[in-house]
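None of the figures in this text is laboratory data; all of them are computed from the coordinates on show. These numbers were taken from a predicted model, which means no experiment stands behind them. Cβ: placed from backbone, ideal geometry, glycine included. Neighbour counts: every protein chain shown.
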Amino acid sequence: MTLAFKHYIEDIAGEKAPGPSATFSVPHLFYALELMAENPIGRKKLAEKLDVGEGVVRTIINHLKKAGLIVTSKAGCTLTDKGLGVWKKFEEFFPKRVEIGKTELTTAKHNYAILVKNSGHKVKSGIEQRDAAIVAGAKRAVVIVCKGGHLVIESVSDHIEKEFPNAANQILKDIRPEDNDVIVIAGADVPQRAKQAAFAASWALLDLDREK
């Protein structure tokens, strides 16, 4: 089910091969749906929030309309029942998405964290996820696993609460992970790039699902 959903979303984005499409990628779709789930949003505001040109936004809207996920009106873009179902599926995978302040582990100008549910068993070294974040524009990325009641960064720390208390306190307060959850944090010079990089790394975890 997980991989089927991933392939479905990538087909909507027009990604027939690994890597971003010519104009936009899955993170743009995700954050567009997030914005539309909150309130109807116009094309100009959507372009501003996604930090892309209006031509790219038109393409995103066309793809989402063709897939039956949104409708457009004078009020802006709104999710259909099908679109709302897709958004709820996204929220099952990534239920918490928050900005993180500067700490010992989050030193970039802007830092964004995403909780990936029940995916700790997929993280080996964390390098694949960090690479995905860097390719998407992050200056730095951290992959944290909640394991045995502790926050862990593979090959760095088996007990973040002791070694990086400020970071751990903020993560536990804002995100509240449970055992086998993953927290992906990406840092960048601009907020939207940090958000897109965090999502790209989180999305990469779905590639490692055991389903075939």
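How long are the semi-axes of the equivalent ellipsoid of segment 94-208, defined as square roots of 5 times the Cα gyration tensor eigenvalues? Whole Å, largest first.
Numbers: eigenvalues 68, 52, 30 Å².
Working through the eigenvalues yields semi-axes of 18, 16, 12 Å.
Which value does Rg/Rh take for segment 164-205 over its C-alpha atoms, Rh per Kirkwood? Numbers along the way, then the final one.
Numbers: Rg = 11.5 Å, Rh = 11.4 Å.
With Rg and the Kirkwood Rh in hand, the quotient comes to 1.01.
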Q) What does a probe at Ala75 reach in segment 31-46, counting residues whose amide N is under 14 Å from the point 7 Å along Cα→Cβ? A) 36-42
(Q) Defining a contact as two alpha carbons under 8 Å apart and six or more residues distant in sequence, what relative contact order in percent does the chain show? (A) 22
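For the chain, just run the numbers: alpha carbon Rg, then divide by 2.2 N^0.38 Å, N being how many residues it has. If you can, show how the numbers build up before the last one.
On the way: Rg = 17.0 Å, N = 212, 2.2 N^0.38 = 16.8 Å.
For the chain, the normalised Cα radius of gyration is 1.01.
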